[in-house]
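The values are calculated or read from the model by the stated rules, or taken from the named source; none is laboratory data. Note that the structure is a prediction, hence the values are computed from the model and not measured. Neighbour counts are summed over all protein chains in view; Cβ atoms, including those assigned to glycine, are modelled from backbone coordinates with ideal geometry.
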């Protein structure tokens, strides 16, 4: 880092931010109960953003270019990269903004087994947790991937920022399969900041149960409008619409008209949404201290969030970019109660989409439960194509909770009167 | 290009020699990349030289008694060899020792290491870096300003990005060296209908350089017109319809609906239905599908990331499924020849079976003949996303617009957004007309599941089929 700072100075660059990080990983890949491949990784990179100022028609301007450099580059190569980026920046002038306020702090270490023990051991423990679930009748783990990442990050800036921290994460994905009566599979992923072996075993057990149901699911879904239950990660993706629409980079160009104080949920018959953005790391890649931030309170927008530049443009305190949020609604109905009413519980999709621009959400259904007269029938096929702008008028959250690396909140969400294309559509 | 690789190459060969004293097989893939993107929109002007994750680095592959093991690094010199070898030995053993009880190594033969030497340079007319940042930014600013004059346009997003790469693959008997350049551009028009934002876009791609930009400026009028069409669109009425797919939508069907299903690492896992259909009719006789490097597009490489030479793989021949595409590890496990489809997102990632340039051959019909043949149906345009389902051959593709066809004519009504669903062979067997002009588009990246992004292209011609829309 000191060499980079010295060479930036030598290149005549007075404004910069350097985000440097090193990653050490252990990775395991399985096919059924066989080891496919094992991998390890050691990399170090420096993302250097160089800034310059200009002026046009009496207005001060700011430009930037970012370039990634490596420790193995020679001084001459680094100088060349910095000078090239600085030269290019003159053609990319934007309205002026200040760089983030400087913060200095000692290294923030991460604690816990995941951060402290060798990543190879953690990868093995998570693999054991996953395969511990693989003892059910009628369904099994088809394949799995486990990644343990230990990361050390360091941000310095020309304004004097100097912060560093350690992060650890375990993530991965797996496919569960059932062969009878239909041969089907389902995909799940996971990510934790702790060595959460119990959560992974529980998630895999649930996935094995779902895939067994998918194997006997019928293509009987009729087209029409349904009350739809979304659960776990599909709730997370749907509610992130509010995170997208309140982001400074969406508001500044006018892609979102939302502003603090707006009742973004509008007139409602159901629950009013309360969301909080959660800091996963102590600092952003720009060195901005990350703090928990209330985003929505009872459907009213409380904050705008985002990187330094767009927050500065909007005249709000830069918050850094968030990767996690919580939905703080305690819920008004247990999930068990929710499932007693006629509805469609859409469990998994081939690819669930939430379009922040249009507000449309949905996808092709891999497994859903059609709930009628107290009976739950597994169904497959068909697709959901709803609009959150309509659905938000009448929402119900479950009192049951769900947590993963990017979300903490209700496990289930009931949305009313959602358009569903059934498997009967082909006959029309 | 990327002289650094020439400097380290002798030391990489020494590393392989040292590793081969301990392991049954060793190879190294070394990569170097120069990337740049230019963007203009209401968010301002953005210029980045950072690229995606990855960039310059090395992946070392060895085979021991437990099977295939890899080490990714981005610093290397000859004096680091002892430390690298020690690190690999200790940490691979630690990974093996920590495995759950009952997990056994997957039986895998040694990779084919028959002698091969190759040196290939990138082909391009204009290096974007020589054209310069100023000229590229001037061009996209000009396009944006022109587009902003159209009615109901809230913003025009316009961008160019390019990547120049060099890869060297070394093993005891292989020395493969290739440099490569692709350039992409896109223009997107954005407008609002109340709280709902609509976007129409067009993408451009070339295996080459800034010569691509000559064609970009002329389309802005068409893009803003399509945006206005979308702003007046109606929600789709679900049903199965006669459809005409434009070449981009055909490409998405080729790639998402069928291509992923014939990636043969999925055969190893018993995750692809296609495995049971080799030799069977899976499509109309009008359908012949290829994947490979005999066309010039963004994914054209002479060798893959495992050192397998590439070529042309005929996946479907006049409706009959002939073979899948295969990476080297999967090929050894299946006892077939690899097809040069072992690709990595970067040196930091595992290689999987991945598509390259994937397309349907053309036929002899015209778009006009297809539309004229439809009593009631839709012309599908602007694919936005798709998701594979190799196990069940289910389709999930999204397109931006469906233009209504009634009694052989476009009515002017437009529906949006559209979800395509159904069973892949049903759709492919329903193909009743295939257009003559094949167009490939390489503006996007392809994921494996939800990660592992690699540059691909896909395409075909206008195609008529029955498709379930929602």
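Test of understanding: among A:52, A:62, A:38, which residue is over 28 Å from residue A:166 (Cβ atoms), in contact with a helix residue (DSSP H, G or I) (Cβ under 6 Å, 6 or more places away or on another chain) and buried (at least 18 other Cβ atoms within 10 Å of the Cβ)?
Values: A:62 fails: in contact with a helix residue (DSSP H, G or I) (Cβ under 6 Å, 6 or more places away or on another chain); A:38 fails: over 28 Å from residue A:166 (Cβ atoms).
Going through A:52, A:62, A:38 in turn, the sole match is A:52.
Taking the residues in region A:345-369 that are away from chain B (no Cβ under 14 Å) and buried (at least 21 other Cβ atoms within 10 Å of the Cβ) as candidates, determine which candidate is farthest from the chain's Cα centre (by Cα).
Initial filter on region A:345-369 (away from chain B (no Cβ under 14 Å)): A:345, A:347, A:369.
Then keep just the ones that are buried (at least 21 other Cβ atoms within 10 Å of the Cβ); that gives A:345, A:347.
On the way: A:345: 23, A:347: 19 Å.
Result: A:345.
Could you please find all residues in region B:351-383 being within 26 Å of residue B:314 (Cα to Cα) and in contact with a helix residue (DSSP H, G or I) (Cβ under 7 Å, 6 or more places away or on another chain)?
B:352, B:353, B:355, B:358, B:359, B:360, B:383
Kindly indicate which of A:381, A:351, A:363 is modelled with pLDDT under 90, assigned to a loop (DSSP other than H, G, I, E, B), under 26 Å from residue A:171 (Cα atoms) and not assigned by TED's automatic domain parsing to the domain that holds residue A:182.
Numbers: A:381 fails: under 26 Å from residue A:171 (Cα atoms); A:363 fails: assigned to a loop (DSSP other than H, G, I, E, B).
Every option except A:351 fails the conditions.
Residue by residue, here is whether (1) touching a helix residue (DSSP H, G or I) at 6+ places or on another chain (Cβ under 8 Å); (2) closer than 15 Å to residue B:171 by Cβ; (3) buried (at least 20 other Cβ atoms within 10 Å of the Cβ) holds:
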| residue | (1), (2), (3) |
| --- | --- |
| B:14 | yes, yes, no |
| B:20 | no, yes, no |
| B:30 | yes, yes, yes |
| B:96 | no, no, yes |
| B:115 | no, yes, no |
| B:120 | no, no, no |
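Got a number for residues in region B:64-82 being more than 9 Å from chain A (Cβ to nearest Cβ), at pLDDT 95 or above and either within 25 Å of residue B:113 (Cβ to Cβ) or within 23 Å of the chain's Cα centre (by Cα) (or both)? Before you say what the answer is, go through the steps one by one.
So the first thing to find is which residues in region B:64-82 are more than 9 Å from chain A (Cβ to nearest Cβ), and the list is B:64-65, B:78-82.
Right, trim to at pLDDT 95 or above and you get B:78-82.
Checking which are either within 25 Å of residue B:113 (Cβ to Cβ) or within 23 Å of the chain's Cα centre (by Cα) (or both) leaves us with B:78, B:80-82.
Residues that pass the stated criteria total 4.
Among B:143, B:136, B:168, which is away from chain A (no Cβ under 14 Å), surrounded by 21 or more Cβ atoms within 10 Å (Cβ to Cβ), assigned to a helix (DSSP H, G or I) and in contact (Cβ under 8 Å) with a residue 40 or more places away in the chain? Before you say what the answer is, go through the steps one by one.
Values: B:136 fails: away from chain A (no Cβ under 14 Å); B:168 fails: assigned to a helix (DSSP H, G or I).
After ruling out the rest, the residue left standing is B:143.
Hey, could you check region B:189-235 for residues that are in a strand (DSSP E or B) and without any contact (Cβ under 8 Å) to a residue 60 or more places away in the chain and say which is surrounded by the most Cβ atoms within 10 Å (Cβ to Cβ)? Give the steps one after another, and end with the answer.
The initial filter retains those residues of region B:189-235 that are in a strand (DSSP E or B), namely B:189-193, B:196-206, B:234.
If we keep only those that are without any contact (Cβ under 8 Å) to a residue 60 or more places away in the chain as well, we get B:189-193, B:196-197, B:202.
Values: B:189: 29, B:190: 23, B:191: 20, B:192: 17, B:193: 13, B:196: 15, B:197: 23, B:202: 19.
Checking each candidate, the answer is B:189.
Could you count how many residues in region B:29-63 are more than 7 Å from every other protein chain (Cβ to nearest Cβ), under 23 Å from residue B:453 (Cα atoms) and part of a strand (DSSP E or B)?
15
May I ask you to verify whether residue A:24 is in contact (Cβ under 8 Å) with a residue 24 or more places away in the chain, more than 8 Å from chain B (Cβ to nearest Cβ), in a strand (DSSP E or B) and under 24 Å from the mean Cα position of the chain (by Cα)?
On the way: in contact (Cβ under 8 Å) with a residue 24 or more places away in the chain: yes; more than 8 Å from chain B (Cβ to nearest Cβ): yes; in a strand (DSSP E or B): yes; under 24 Å from the mean Cα position of the chain (by Cα): yes.
Yes, satisfied.
Of the residues A:411, A:325, only one is more than 30 Å from residue B:260 (Cα to Cα), touching a strand residue (DSSP E or B) at 6+ places or on another chain (Cβ under 9 Å) and buried (at least 22 other Cβ atoms within 10 Å of the Cβ); which?
Numbers: A:411 fails: buried (at least 22 other Cβ atoms within 10 Å of the Cβ).
Going through A:411, A:325 in turn, the sole match is A:325.
Matching residues to (1) at pLDDT below 95; (2) more than 7 Å from chain B (Cβ to nearest Cβ); (3) more than 32 Å from the chain's Cα centre (by Cα):
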{"residue": "A:8", "(1), (2), (3)": "no, yes, yes"}
{"residue": "A:15", "(1), (2), (3)": "no, yes, no"}
{"residue": "A:18", "(1), (2), (3)": "no, yes, no"}
{"residue": "A:29", "(1), (2), (3)": "no, no, no"}
{"residue": "A:91", "(1), (2), (3)": "yes, no, yes"}
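Look at residue A:91 and say whether it is crowded, with 17+ Cβ neighbours inside 10 Å and in a helix (DSSP H, G or I).
On the way: crowded, with 17+ Cβ neighbours inside 10 Å: yes; in a helix (DSSP H, G or I): no.
For residue A:91, the condition - crowded, with 17+ Cβ neighbours inside 10 Å and in a helix (DSSP H, G or I) - is not met.
Inspect region B:267-278 for any residue being in contact (Cβ under 8 Å) with a residue 60 or more places away in the chain, more than 14 Å from chain A (Cβ to nearest Cβ) and buried (at least 22 other Cβ atoms within 10 Å of the Cβ) and give the result as yes or no.
No, region B:267-278 contains no residue that is in contact (Cβ under 8 Å) with a residue 60 or more places away in the chain, more than 14 Å from chain A (Cβ to nearest Cβ) and buried (at least 22 other Cβ atoms within 10 Å of the Cβ).
In this structure, does residue A:180 turn out to be closer than 23 Å to residue A:136 by Cα, at pLDDT below 95, outside the structural domain of residue A:314 (by TED's automatic domain parsing) and touching a helix residue (DSSP H, G or I) at 6+ places or on another chain (Cβ under 7 Å)?
Working: closer than 23 Å to residue A:136 by Cα: yes; at pLDDT below 95: yes; outside the structural domain of residue A:314 (by TED's automatic domain parsing): yes; touching a helix residue (DSSP H, G or I) at 6+ places or on another chain (Cβ under 7 Å): yes.
In short, yes.
Quick grid of which residues meet (1) outside any strand (DSSP E or B); (2) touching a helix residue (DSSP H, G or I) at 6+ places or on another chain (Cβ under 8 Å):
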site	(1), (2)
A:368	no, no
A:376	no, no
A:390	yes, no
A:397	no, no
A:409	no, yes
A:414	no, yes
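Hey, could you check region B:425-436 for residues that are within 14 Å of chain A (Cβ to nearest Cβ) and in contact with a strand residue (DSSP E or B) (Cβ under 6 Å, 6 or more places away or on another chain) and say which is modelled with the highest pLDDT?
Per the stated criteria, the residue is B:430.
Which condition number does residue A:171 fail, the rest of (1) at pLDDT 95 or above; (2) away from every other protein chain (no Cβ under 11 Å); (3) surrounded by fewer than 22 Cβ atoms within 10 Å (Cβ to Cβ) being met?
The failed condition is (2).
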